[in-house]
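The values are calculated or read from the model by the stated rules, or taken from the named source; none is laboratory data. Everything numeric here is computed off the predicted structure, so don't read it as measured data. Note that we place each Cβ from the backbone using ideal geometry, even for glycine, and neighbour counts take in every protein chain shown.
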């Protein structure tokens with residue numbers, strides 16, 4: 001048997017290639033849309049990807065399963081379990097719909113289908129047995145977003161991101177029963193999860209790429225709580241707010257994925273700029289000179305995590321940066337289903353220039369101690385961070401709501417903005433600028449640095 005995992009750093013997402021070396025067949029599980037790495041890996045081992053499968057309808061990335069069928073002429077497998085209101089639509093005619101107890105054969109390798117709802121109503125896991133290796137007992141499970149290292153999948157995304165009321169409670173109940181069923185499986189099973197640390201599909205995912213079921217039974221919090229109500233309460237507690245793009249991903253992956261896969265972008269003039277502009281340059285460069293009203297989301301490993309908060313899938317987007325960075329940004333945006341980048345401009349061709357304003361945390365603390373009642377403070381952290389501690393008198397607006405949500409301050413007043421470390425608040429300054437807040441000031445180092453100086457939780 002051939003086995004290879006693929007980790008996408010931007011999405012903290014895992015895909016898996018499994019091949020039978022005796023027959024030359026392979027299957028790709030939970031693929032992204034860019035299939036090149038999977039195909040190259042298979043070909044290097046003399047394998048052909050003849051099948052593809054996914055564990056559930058994903059919320060955090062654009063599924064490549066339909067591309068596996070269309071581009072590789074491979075048979076694809078999806079769940080037919082769960083709520084009738086949440087079924088795959090517009091799938092290829094030869095799609096195989098899976099029920100609990102079904103199996104997928106890849107040469108001498110068997111994937112048995114387990115129904116593990118909770119994260120979503122249709123979620124499946126695949127239990128692998130390598131009969132070609134002479135074994136009749138399973139080796140491990142591809143657990144998708146059911147079971148992670150140190151955590152289980154969050155049940156609230158359908159309600160929080162797709163506005164399906166009441167699904168959080170039913171999902172938490174399903175997850176409890178899925179965990180109870182998993183307790184009956186052998187401890188020796190390896191666990192190959194759909195995500196690692198950094199994913200918003202859970203709240204405490206480990207960075208270790210795989211585990212064993214026995215280890216998770218001993219160390220994963222979800223296996224320690226036998227009481228259903230206590231389990232459900234802990235499961236939904238302090239889950240991070242999902243990025244805005246999750247709602248669009250659910251719709252796209254359920255109904256149909258855009259066919260375009262050209263990630264190249266071309267130079268345009270300032271007269272062709274779209275309403276939303278993202279500047280890819282490092283924040284220090286952006287803050288020194290940038291076009292008024294542009295958002296600064298630097299081209300690094302966190303680009304996709306932050307960009308997804310601000311996208312409007314019905315409108316075009318312009319990029320500012322190098323050709324190389326713009327092409328990479330376009331490629332990454334396609335991973336979350338966004339294909340409306342209308343072009344890029346280099347920083348040499350910018351006009352309507354302005355600068356960003358920063359204040360050292362120590363200087364802000366001095367102001368805060370003397371004038372806390374009169375300072376306008378905007379906290380752009382998520383709810384769980386706020387609940388752990390925040391500045392008295394501060395108002396919280398989630399970063400992703402800054403372009404369209406209510407901001408409880410006057411546009412012309414000085415406004416001190418912070419997150420936990422100074423990264424998100426730097427991005428927030430561009431969104432505020434676009435909304436007409438001309439006196440927003442970023443607190444360098446954020447709440448973490450303020451707390452060190454104050455030596456208190458400040459709440």
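Within the stretch 1-50, which strands (runs of 3 or more DSSP E) (wholly inside it) include 1 or more residues that are under 25 Å from the mean Cα position of the chain (by Cα) and surrounded by fewer than 16 Cβ atoms within 10 Å (Cβ to Cβ)? Steps first, please.
Numbers: elements: 2-8, 13-20, 25-29.
The strands (runs of 3 or more DSSP E) meeting that bar are 2-8.
Checking each residue in the stretch 115-130 for being in a strand (DSSP E or B) and buried (at least 23 other Cβ atoms within 10 Å of the Cβ) picks out 124, 125, 126, 128.
Can you tell me which residue within the stretch 131-148, out of those that are out of contact with any helix residue (DSSP H, G or I) (no Cβ under 8 Å at 6 or more places or on another chain) and crowded, with 20+ Cβ neighbours inside 10 Å, is nearest to residue 185 (Cα to Cα)?
Just the residues of the stretch 131-148 that are out of contact with any helix residue (DSSP H, G or I) (no Cβ under 8 Å at 6 or more places or on another chain), to begin with: 131-140, 142-145, 148.
Retained after the next criterion (residues that are crowded, with 20+ Cβ neighbours inside 10 Å): 140, 142-145, 148.
On the way: 140: 10, 142: 13, 143: 13, 144: 16, 145: 18, 148: 16 Å.
Per the stated criteria, the residue is 140.
Scanning the stretch 81-107 for residues that are surrounded by fewer than 17 Cβ atoms within 10 Å (Cβ to Cβ), farther than 17 Å from residue 70 by Cα and touching a helix residue (DSSP H, G or I) at 6+ places or on another chain (Cβ under 9 Å) returns a single hit, 83.
The helices (runs of 4 or more DSSP H) falling completely within the stretch 273-344 that include 2 or more residues that are outside the structural domain of residue 242 (by TED's automatic domain parsing) and within 27 Å of residue 250 (Cα to Cα) map to 303-307, 323-335. Scanning the stretch 263-290 for residues that are within 22 Å of the chain's Cα centre (by Cα) and modelled with pLDDT under 90 returns a single hit, 263. For the stretch 189-218, filtered to residues that are at pLDDT 95 or above and assigned to a loop (DSSP other than H, G, I, E, B), the residue that is farthest from the chain's Cα centre (by Cα) is 189. The number of residues in the stretch 260-272 being touching a residue at least 24 places away in the same chain (Cβ under 8 Å) and part of a loop (DSSP other than H, G, I, E, B) comes to 8.
Scoring residue 179 on the criteria (1) in contact (Cβ under 8 Å) with a residue 12 or more places away in the chain; (2) outside any loop (DSSP other than H, G, I, E, B); (3) surrounded by fewer than 20 Cβ atoms within 10 Å (Cβ to Cβ) leaves a single failure, condition (3).
The residues listed here are 280, 225, 295, 237; of these, the one that is touching a helix residue (DSSP H, G or I) at 6+ places or on another chain (Cβ under 7 Å) and more than 30 Å from residue 439 (Cβ to Cβ) is 225.
Residue under question is residue 186, and the condition is that it be modelled with pLDDT of 95 or more and either farther than 29 Å from residue 398 by Cα or not in a helix (DSSP H, G or I) (or both); does it hold?
Numbers: modelled with pLDDT of 95 or more: yes; either farther than 29 Å from residue 398 by Cα or not in a helix (DSSP H, G or I) (or both): yes.
When the stated conditions are applied, residue 186 passes them.
Taking the stretch 347-374 as the region of interest, how many residues are out of contact with any strand residue (DSSP E or B) (no Cβ under 6 Å at 6 or more places or on another chain), surrounded by 13 or more Cβ atoms within 10 Å (Cβ to Cβ) and in a loop (DSSP other than H, G, I, E, B)? Residues meeting the conditions: 2.
Of all residues in the stretch 94-112, those satisfying the criterion of being in contact (Cβ under 8 Å) with a residue 12 or more places away in the chain and not in a loop (DSSP other than H, G, I, E, B) are 96, 97, 98, 104, 106, 109, 110, 111, 112.
Evaluate the stretch 133-140: report whether one residue or more is in a helix (DSSP H, G or I) and in contact (Cβ under 8 Å) with a residue 40 or more places away in the chain. Yes, the conditions are met somewhere in the stretch 133-140.
Scanning the stretch 219-247 for residues that are part of a helix (DSSP H, G or I) and at pLDDT below 90 yields one hit, 247. With respect to the conditions (1) touching a strand residue (DSSP E or B) at 6+ places or on another chain (Cβ under 8 Å); (2) within 26 Å of residue 202 (Cα to Cα); (3) in contact (Cβ under 8 Å) with a residue 40 or more places away in the chain, residue 45 falls short on a single one, namely (2). One residue stands out in the stretch 406-444 among those that are outside any helix (DSSP H, G or I) and under 19 Å from residue 278 (Cα atoms): the one that is farthest from the chain's Cα centre (by Cα), namely 438.
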